[in-house]
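K.L.:
After the C-alpha cells below, expect a handful of questions from me.
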Amino acid sequence: MASTEPWIMENGNIKGLGKELRHGRTAHNMSSSSLRKKSDLSLVSKVPCGIVRLCLANLLEVILGTKLSVLFPAIPLAVVAECYGFGRPWVFALSLLGLTPLAERVSFLTEQIAYYTGPTVGGLLNATCGNATELIIAILALTQHKIEVVKYSLLGSILSNLLLVLGTSLFCGGLANLTKEQKFDRKQADVNSLLLLLALLCHMLPLMFRYAGKSEAETAKPTLELSRASSIVMLVVYFAYLVFQLWTHRQMFEAKEEEEQGDDVTAEEAPVIGFWGGFAWLVGMTAVIALLSEYVVGTIEDASASWGISVSFISIILLPIVGNAAEHAGAIIFAFKNKLDITLGVALGSATQIAVFVVPLSVIVAWIIGIKMDLDFNLLETGSLALSIIITAFTLQDGTSHYMKGLVLLLCYIVIAACFFVCQKPLNQANLINLGVQKSST
Amino acid sequence: MGSQEHWNLENGVEDSKELGKENSMGRTAQNLSSSLVRKKSDPMLVSKVRFRMVREFLANLQEVILGTKLCILFPAIPLAILAECYSFGRPWIFALSLLGLTPLAERVSFLTEQIAYYTGPTVGGLLNATCGNATELIIAIFALYQRKIHVVKYSLFGSILSNLLLVLGTSLFCGGLANLKKEQRFDKKQSDVNMLLLLLGLLCLLLPLLFRCAVETDILEAASSILLLSRASSIMMLVAYVAYLFFQLKTHRQLFEAQEEVDESDDVLSEEKPVIGFWSAFIWLVGMTIIIALLSEYVVGTIEAASDSWGISVSFISVILLPIVGNAAEHAGSVIFAFKNKLDISLGVALGSAAQISMFVVPLCVVVAWIMGVNMDLDFNLLETGSLAFSIIITAFTLQDGTSHYMKGIVLCLCYTVIAACFFVHKIPLSNIATANLKFQAA
C-alpha cells in the first residue's frame, strides 16, 4: 500500500481516488455489482453455535447475494440430468442457465479478495478473472479437441461485448437521457479500440496468408508458426496494457464517480467475507464452472442437432449472451444513470481482454498440450469481427452518444446473428468447405 | 524573395523573422529530422594546408564526408566495391552495400538542403520533397531495370510500412515514456492531409487487386485491363502529389511549418549559413547519386543470393530489412524529436515520407516501367495490400485525437512485429512468385 500512496499524492486527487483505489476495482466489477442485493442476516443470527452461524452467514452472502440466485437451482439439476442420463439438450440448457449466476459470483469473489491484496494485485486479479468463464469454457473445449467451438465462442464473446452489450447500453441510455447530453471520455475508448485493431491484424494475417498461398500443405505450418508468434505478441501487448491501465495512466481508467450517497449499489465498502473464505469459495466456484463448462462443451452438438440450430449459431450467439448476462445488465443500468464511462469500460474492456488475452492464451495452451490451434478464424467470422471493431471505433470517435448509435450497433449484431443462423454448415464440414473456397480462389 | 515577403504579409504572420529564416531554406520536417545526426566538423585540421584550392577542396570534403555521425559506415562503400571486384561471397556484397547506403541517404538530404539555400524556398522545398526518398527511388528503378518487379513492389511497400508503423511507433513509444508526466499534443490537421493521401494511394492499390479477384475467367484479358488501370491510376496519383506539393509549399504552408521554439542552446538547428557552395554541392550530389546507384545495383543484384545463403525469404529482406536501412537516419531523428516532445516534426517525418512514397515513388515507378516497356502494375498481392490497408487504418485511428501516449507507440510497433513475423514465415520461393506474375502479365 505504501508505494501507491505517493503516486496518489502526486496526482493531487487524494480524497476521491483513495477510496476506490483500495479495492482495485475496475469498471467491470462495478458493473456486475449492480446486480447484487443486500442479504439480511436476521435469519442467521438465530442459529446458536458460533462457527455454524459464521459459516451460514458466509453461505448466505455468497449464494443469495445476487439477484441472479434464482438460477442457482439449475446447477444441481444439470448435474442430476447428467447423472441420470436425461436428454442431452436438457443438460446443455441447464448448464448454460447455471453458468449465468456463477460468472457474476466469481467477479464478486475476486473483488472481495481484492480488498485484502491491495490495489495493484487486486486490479490484476480482477482483470484476469473478469472473463474466467470464457477462459474455462475455451480450455475445456480445447482439451476435447473442439477447436471450432473455442474459436466460435471467443469470437462470439467479442462480438457480443462490442455490439450487443454496447449497443443496448447506448440505446437504453440514449432513450433514458433524451434531453441530457451524454458524454464520455474517449481516450479510454481509443486505447481499447487500438488493442482490438491489433488483435484484428493478428486474425487477418493468417487468413490472408492462407488465401495468398498455394496449397494447404504449404501454408499450414507457417500459419501455425505465425499464429503462435502473434499470440506471444498479443500477450506482450496485454501486459503493457495492464501496466498502462494499473500503473502509469491509472487516472484515465478511473471511473469518475460522483455518486449520490443514496445509491446503495456501490455503497458496500467493507469486505463481507474473509480472505480465506473468499479464496475457498473461488476455488469451489471455479470447479463448478469447470464441471458445467464440460457439460456445455460435451453436449453442444447434441443440442444443435435436436434443436435444429447450427453449432456456430449456438457458440457465437447463445453462449456469449449467457456468459455475459451479468455484465450486460450492469452496463445497461449504468447507461441508464448516464455513466457512460463505466458502461464503455465494461463492454470494451471485456472485449479487449478476450481479444488480446483469452484468445492468445488459448493458442498457447493448445501449443502446450500439443493441439494445432491457429488464429485463422474463417472469412465470415474475421470479416464480421473486422466490421464490428471498425464500426465501434467510429461510433466512439466524438465522445458523445445518442440512442441512434446504440440502435445501429444493435442492428449490426442482429444482422450478424442472422447470418450465422442461416449458415447451417455442419461442424465437421467447415474445414472441407474452407478448402473448397481456397481452391477456387487460387 | 519578394513574393515570399508578400505571402508572409498576406497570412498575417507577424513573426516574419522566425518564419522567414526557416522558409528561406525550404526545410521540411524530414530535413530537420535527418539534420539531427549531423555533427559540427572542425576546420582546424584543414587550415594548415598551404594551397588555397586544395584547402578549400579539403574543407569541402571534410564537411561532406565527416559531417555526419553515420560517417563510420562510409568505409563499407569501398569495401563493397572491392568485394564486388574480387568476387567475394555475394551475401557479403549485399550486406556491405546495405551498410554503405545508410550514410549516403542522410548525405543526399544534407546536400539538397545546401542547394536549397541558393535556390529560394519554393524550388528548395520541391527539391527536398523530391530527393527525400531518393534512395528508395533509385533502388526501385534499378530493380525495375533488372526486371525484378516483385523486389520493387516489396521494397516500396516495406518502406511505407516501416514509416507508418516502425518509425512512428518507436517515436510515439519513446516520446511517451520520456514525457510520461507531460501531455503530448500534436497538430492533427497535418497528419490528416497525409492520411487522406495514403488512403487515396491505398484505393489505387486495392482496385487492381479486387479487379483480379473479381475476374475469374479470362485472366489474359484481365491482365491488360489491370495494366491499363494501373497506369491511369499512377498518372492520377502523380497529379495528386503535385497538388499536395502545391498545398504544402504554397497555399497552406503554415500548416506544415514545424513549430519550433527551439532553445538557443540547441546547437543542432543553429546552422544557418550554407557550408558549401552551390556548384560543389551540385557536383557532390551527382557523385553521391552515382554511388547510390552503384550500391543499389549491387543490392538488387545480390538479394537472391543473400536470401539463399541466409535462409531468409526475399520478401522478408525487401519488406523489412531494406527499408530499415534506408530509413535509419530519419528514424533516429524522428525518435530524437519525439524525446523532446516535438511530435509535429516526428509525425511530419514519418507520415510525410510514407505519403511521398505511396503517391510519388510508386506511380513514378509504374510510369518509368511503362517507358521502359516493362509491364508493372499496381497489383501488390493480397497479403501486402491487406497489411498496408490495415496499417493505414490503424495509424489513422491512432492519430485521431491529437494526443499521444506510449501505449499507442507500443501497439504500432507490435503491429509491425506481427507483420514482420508474417513475412518471415512467408517462404514462398521467388520463382513461384515470378511465374505467378508472368501468368498475369503474359499479355
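K.L.:
Is there a pair in A:LYS187/B:LYS189; A:LYS187/B:LYS340; B:LYS189/B:LYS340; A:LYS372/B:LYS427; A:LYS339/B:LYS340; B:LYS153/B:LYS427 whose C-alpha atoms are over 27 Å apart, and which pairs would that be?
P.N.:
On the way: A:LYS187/B:LYS189 19 Å; A:LYS187/B:LYS340 23 Å; B:LYS189/B:LYS340 21 Å; A:LYS372/B:LYS427 20 Å; A:LYS339/B:LYS340 37 Å; B:LYS153/B:LYS427 17 Å.
Result: A:LYS339/B:LYS340 exceed 27 Å.
K.L.:
List, in order, the whole-Hz ³J(HN,Hα) value for each residue of segment B:308-320 obtained from phi through the Karplus relation with A = 6.51, B = -1.76, C = 1.60 and θ = phi - 60°; use x for Gly and Pro.
P.N.:
5, 6, 8, x, 10, 5, 4, 5, 5, 4, 6, 7, 9
K.L.:
Tell me which residues come under 5 Å, amide H to amide H, from B:THR68 once H is placed; ignore anything under 5 positions away on its chain.
P.N.:
Result for B:THR68 returns B:LYS39.
K.L.:
Can you list residues from other chains, or at least 5 along the same chain, whose modelled amide H is less than 5 Å from the amide H of A:THR66?
P.N.:
Amide H to amide H, under 5 Å and 5 or more residues apart or across chains, A:THR66 pairs with A:LYS37.
K.L.:
Would you work out if segment A:115-242 is rounded, prolate or oblate? Take a ≥ b ≥ c from the square roots of the eigenvalues of the alpha-carbon gyration tensor; rounded if a/c is under 1.5, else prolate when a/b is larger than b/c, oblate otherwise.
P.N.:
Judged from the Cα gyration tensor, segment A:115-242 comes out prolate (a/c at least 1.5, a/b above b/c).
K.L.:
Counting only other chains, and only Cβ atoms inside 10 Å, what mean value do you get across the residues of A:230-241?
P.N.:
3
K.L.:
Moving to a separate point now. For A:SER401, enumerate residues with amide H under 5 Å from its amide H, sequence gap 5+ or separate chain, H modeled in the peptide plane.
P.N.:
Answer set, sorted by chain and number: A:GLN182.
K.L.:
Expressed as a whole number of Å, what is the distance separating the alpha-carbon centroids of segment B:82-140 and segment B:333-374?
P.N.:
14 Å
K.L.:
Could you derive backbone 3J(HN,Hα) for segment B:96-112 from the dihedral phi with the Karplus parameters 6.51, -1.76 and 1.60 (θ = phi - 60°), listing whole Hz in sequence and x where the residue is Gly or Pro?
P.N.:
5, 5, 4, 4, x, 5, 4, x, 4, 4, 5, 5, 4, 4, 4, 5, 4
K.L.:
Related question: Through the Karplus equation 6.51 cos²θ - 1.76 cosθ + 1.60, θ set to phi - 60°, convert the phi angles of segment B:348-364 into ³J(HN,Hα) values in whole Hz; use x for Gly and Pro.
P.N.:
Coupling constants for segment B:348-364: x, 5, 5, 6, x, 5, 4, 5, 5, 5, 6, 9, 10, 5, 4, x, 4 Hz.
Quick note: the coordinates plus some simple rules give every number you see, no bench work behind them. Owing to the predicted nature of the structure, the values given are computational and were not obtained by experimental measurement. Using ideal geometry, Cβ is built from the backbone for each residue, glycine included, and neighbour counts are taken over all protein chains shown.
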